[in-house]
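Encoded as structure tokens, the structure appears first; notes follow it.
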Amino acid sequence: MNEARVGLVIEDDQDIRELVRAVLTQAGFDVSVAASGTEGVLAARSLNPDVITLDLGLPDIDGFEVSRQIREFSDAYIVMLTARAEELDTLIGLESGADDYLTKPFRPRELRARIAAMMRRPRSGPDQVEDAPALEQPGDPGTGHYTHNGLDLTYASRSVTVDGEELNLTRTEFELLYALLEAGRTVRTKSDLVRRLRDEDYDVGSYISEADERSVEVHMGNLRKKLGDSPQRPRWLQTVRGVGYRLAPAER
């Protein structure tokens, strides 16, 4: 029998804290709560949660700093809950390591749906042979091991190395990189990538907002920084202006 998934709610407002606890409990999580940022970081370290909901306006340290500290040791999915609707706050939240965000007041059903989509992207990949041969052309289906211009990704172990050095990616960053390696030189639109992160089929016709697409841009920017990639002379991630992203050409 599988162990219960662990959820952590970091929220100082008791009513919202109990609401989110109820949503996660109904979704099958074993839920713990924290009322401050300091308490939340300690809980995240000891509990190793699968998902964390994080209030932006905490009484001691703000949610941005809490997210940064948690990202130093955890790959938990982080959903930032904020009463601030400004785009800048949302972008800072994503840049600090959050995977998604919701603006208060939010619908419990939407929170549960977002978390359900995240949890369909597992910590470890499907049963695959970890020493499967690397592909000559990234994007061919049927394997979870890709190499391209000194980058090596293995889906089964969720590992990425660049020139032999291991990278510490969030699960969202990993999924975006994996999606581009799968597609090779085929352009993936921002809408495609949003749906990929939601684990949706591409033809379901679900609504993709400008904020959703902007969040992909931020995650891609974070991924570029960790790869040490240049937007002007990309080694891996090539931006197609006004459309999306694709894999940069193979080095000769």
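Which of rounded, prolate or oblate describes the stretch 5-119 when judged by the alpha-carbon gyration tensor and an a/c cut-off of 1.5?
Working: a/c = 1.29, a/b = 1.08, b/c = 1.20.
In terms of gyration-tensor shape, rounded.
With K and R counted +1 and D and E -1, the other residues having a Cβ less than 12 Å from that of residue 249 yield a net charge of +4.
Calculate the dipole size of the stretch 145-247 relative to its Cα centre from +1 charges on Lys and Arg beta carbons and -1 charges on Asp and Glu beta carbons; express the result in debye to the nearest 20. Each step should come with its number before you reach the end.
Numbers: 16 positive and 17 negative charges, 75 e Å.
Result for the stretch 145-247 is approximately 360 debye, rounded to the nearest 20.
Readers should treat all values here as calculations from the given coordinates under stated rules, not as data from a laboratory. Just so you know, these numbers come straight off a predicted model, no measurement behind them. Positions of Cβ are backbone-derived with ideal geometry, glycine not excepted, and every protein chain shown enters the neighbour counts.
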